[in-house]
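The values are calculated or read from the model by the stated rules, or taken from the named source; none is laboratory data. It should be emphasised that the depicted structure is a prediction, and the values quoted were computed from it without experimental measurement. No Cβ is skipped: glycine too gets one built from the backbone with ideal geometry, and neighbour counts run over all protein chains shown.
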Amino acid sequence: MTRAPNSNSESGRYSGEYDGAPPSEAVGVAGVTKRFGAVQALESVSLDFPAGRVTALMGENGAGKSTLLKILTGDHQPTEGHVLVEGKPVTLASPADARAAGIRIIPQEPEIIPHISVAENVYAGALPRKAGRLLDRAALRRRIEDDLERLGFAGVLDPDLIGSRLTPAQRQLVEIMRALTGSTSPRLIAFDEPTSSLSEHEVDALFALIRRLRAQGIAVVYVSHRMQEIFQLADRIAVLRDGGLVGVHQASTTGEGELVRLMVGRDLSSMFVRQRVATDRLVLDVKNLTTDHVTDIDLQVHAGEVVGLAGLIGAGRSELALALAGDQRVHSGTMTLNGVALPSGKPGAVIRAGLGLAPEERKAQALFLQQSIRDNTSLVVMDRLRRFRFVKRAAERALAQKYADRLRVRTPSINHEVRKLSGGNQQKVVLARWLARKPKVLILDEPTRGIDVGAKAEIYQIIAELAAEGVALLVISSELPELLGLADRVVVMQGGRITGELTHDEATEESILALAMADDIAGASGATS
């Protein structure tokens, strides 16, 4: 039996324990503390990641998970303490040092070179050459096909697809392949929210890969807020809270409720607490809407109503949201807000009309990561903050502070760069922007993607408050329990069309999935008849 390292917690010293077999320690940290000015991100964390074991790293956004991963990758240097490789302290001064030590991290937001192919993205920096300079395309083809087959992604990822055309799921798979195709054999591979953009088939391939890595004696660190995945994959669970290690527990003997309490320090048994306040006043009315991606969409959302939009990946949900927000051209049909037509292809005019969109890809589509919380919050209300050509800075600061306080954004200052915030707090900044604008309709596309359970509860409370204020909300989510808990009605899409609508009382996971797979089921029935 190996005992988890002790660490400080708010109730004193805490020790969890793991009862699995005692494999050798591959990588770990000893007494690691990290401070950013006055902010303490990690405090005296000692944690091992044994070879041949999957260690789930759990905690709320802001608990210190990302900081710990960045210390392992050499992106951050610990203020105190050491990284350990095979039990010996090492200095990882850069990501190159970490890679040379056999440490690989699969980030939640992959960095893809837009103008080159999947194959070239995977081997960027190590492309096969001939005659010294020219790309050896035949060798590249053989290499990518061999690696796709070896990793279980053959048929899932097209090696010729250009980077700019990759979906979020495909970008994630490219990043995974990069980590597993280097010249140095990995000791540790960490996956940071790897399934947040993957289809069920891609998730199955990823899980099979992780199990093969474990069988090969590689230490795996798995960061996810999806409890089902944690209990499906992990041997042990390490919980961080407020920068400290709460404990390490055997996954097979830890319950979901216990894990939530360890993460947030409180019980979240009643996450969906809102009162139904939907009215008969029609706010958003969509009739026969057709674009390049959706066909004949009829959709209505009333004041105070939360309408859930369900469907499998590729169903057209996000594309519909972009069309409503003016980001895609409409070929036919109408969209009205309070009886006034919404223009096609004019996002600025749509915002002024009273519709806001918090998109799925918050980092790529919603946030200016190098700018401050203040700048990101005030972006869509500059018309209210300007006097002649000058911005009223005092009013801008007051507005940003008001919504940062209301949404409990965890930050040392509203002047803090958004890129330094956790995923949950970044999402709150996106919401703060729209709350400042006071929209009549707000579309939330995967609002809790990559967010911990504590932050989810806070987002759900914000949605409840907006509905109570009379805002019409359209919520897109791939998490069916979330839709069932939030929505007054659930509209289901498949293949760019609406296949059905369910009231709150009618909606179940089974009924939603039946509608989401309606065309597939019909096709399968026809094929066998």
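Say we look at the stretch 34-50 and pick out the residues that are assigned to a strand (DSSP E or B) and among the aliphatic types (A, V, I, L, M); which of these is surrounded by the fewest Cβ atoms within 10 Å (Cβ to Cβ)?
In this case the residue turns out to be Val39.
For the stretch 451-463, enumerate the residues that are assigned to a helix (DSSP H, G or I) and either of a type outside the set (S, T, N, Q) or surrounded by 20 or more Cβ atoms within 10 Å (Cβ to Cβ) (or both).
Scanning the stretch 451-463 gives Val453, Gly454, Ala455, Lys456, Ala457, Glu458, Ile459, Tyr460, Ile462, Ile463.
Just to be sure before I move on: is Ile462 of a type in the set (A, V, I, L, M), in contact with a helix residue (DSSP H, G or I) (Cβ under 8 Å, 6 or more places away or on another chain), modelled with pLDDT under 90 and more than 26 Å from Ala169 (Cα to Cα) in the structure I sent?
yes
Just need a number here: residues in the stretch 406-422 that are farther than 14 Å from Val39 by Cβ and not in a loop (DSSP other than H, G, I, E, B).
Residues flagged as farther than 14 Å from Val39 by Cβ and not in a loop (DSSP other than H, G, I, E, B) within the stretch 406-422 amount to 3.
Looking at (1) more than 21 Å from Arg449 (Cα to Cα); (2) aliphatic (A, V, I, L, M); (3) in contact (Cβ under 8 Å) with a residue 12 or more places away in the chain, find the lone condition where Ala341 falls short.
Exception for Ala341: condition (3).
Determine, yes or no, whether Lys420 is under 20 Å from the mean Cα position of the chain (by Cα), touching a residue at least 60 places away in the same chain (Cβ under 8 Å) and under 19 Å from Ala455 (Cα atoms).
yes
Give the number of residues within the stretch 95-135 that are outside any loop (DSSP other than H, G, I, E, B), of a type in the set (A, V, I, L, M, F, W, C), crowded, with 19+ Cβ neighbours inside 10 Å and in contact (Cβ under 8 Å) with a residue 40 or more places away in the chain.
Total satisfying the criteria: 6.
Out of the residues in the stretch 423-450 meeting the condition of being in a loop (DSSP other than H, G, I, E, B) and touching an Asp or Glu at 6+ places or on another chain (Cβ under 8 Å), tell me which one is farthest from His302 (Cα to Cα).
So the residue we want is Gly450.
Name the single residue that is surrounded by the fewest Cβ atoms within 10 Å (Cβ to Cβ) among those in the stretch 336-384 being more than 27 Å from the chain's Cα centre (by Cα) and charged (D, E, K, R).
Only one residue fits best here, namely Asp383.
Restricted to the stretch 212-242, and to residues that are of a type in the set (Lys, Arg) and more than 16 Å from Ile106 (Cβ to Cβ), which residue is modelled with the lowest pLDDT?
Result: Arg241.
Considering only the stretch 380-405, state which residues are in a helix (DSSP H, G or I) and out of contact with any helix residue (DSSP H, G or I) (no Cβ under 7 Å at 6 or more places or on another chain).
Met382, Asp383, Arg384, Arg393, Ala394, Ala398, Gln401, Lys402, Asp405 - these are the residues of the stretch 380-405 that are in a helix (DSSP H, G or I) and out of contact with any helix residue (DSSP H, G or I) (no Cβ under 7 Å at 6 or more places or on another chain).
Matching residues to (1) touching a Gly at 6+ places or on another chain (Cβ under 6 Å); (2) outside the structural domain of Ile476 (by TED's automatic domain parsing); (3) under 30 Å from Leu198 (Cα atoms):
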| position | (1), (2), (3) |
| --- | --- |
| Gly316 | yes, no, yes |
| Leu322 | no, no, yes |
| Ala325 | no, no, yes |
| Gly339 | no, no, no |
| Gly354 | no, no, no |
| Phe368 | no, no, yes |
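Residues of the stretch 473-487 being charged (D, E, K, R) and either at pLDDT 85 or above or crowded, with 18+ Cβ neighbours inside 10 Å (or both), which ones?
Correct list: Glu482 only.
Is it true that some residue in the stretch 189-206 is farther than 24 Å from Glu479 by Cα and at pLDDT 85 or above?
Within the stretch 189-206 (the criterion being farther than 24 Å from Glu479 by Cα and at pLDDT 85 or above), the answer is yes, since at least one residue qualifies.
Return the residues of the stretch 61-94 that are farther than 25 Å from Arg410 by Cα and without any contact (Cβ under 8 Å) to a residue 24 or more places away in the chain; say none if nothing qualifies.
Once the filter is applied, which keeps residues that are farther than 25 Å from Arg410 by Cα and without any contact (Cβ under 8 Å) to a residue 24 or more places away in the chain, the stretch 61-94 yields Lys88, Val90, Thr91, Leu92, Ala93, Ser94.
Hey, could you check the stretch 151-184 for residues that are surrounded by fewer than 19 Cβ atoms within 10 Å (Cβ to Cβ) and among the polar types (S, T, N, Q) and say which is nearest to Glu202 (Cα to Cα)?
Only one residue tops the list, namely Thr167.
Name the single residue, out of those in the stretch 222-244 being assigned to a strand (DSSP E or B) and in contact with a helix residue (DSSP H, G or I) (Cβ under 9 Å, 6 or more places away or on another chain), that is farthest from Val203 (Cα to Cα).
Residue satisfying both the conditions and the ranking: Arg241.
Looking at the stretch 488-520, which of the residues that are of a type in the set (A, V, I, L, M) and assigned to a loop (DSSP other than H, G, I, E, B) is surrounded by the most Cβ atoms within 10 Å (Cβ to Cβ)?
Top of the filtered list is Ala507.
Gly163 - would you say it is at pLDDT 85 or above and in contact with a His (Cβ under 8 Å, 6 or more places away or on another chain)?
Yes; evaluated as a whole, the condition is true for this residue.
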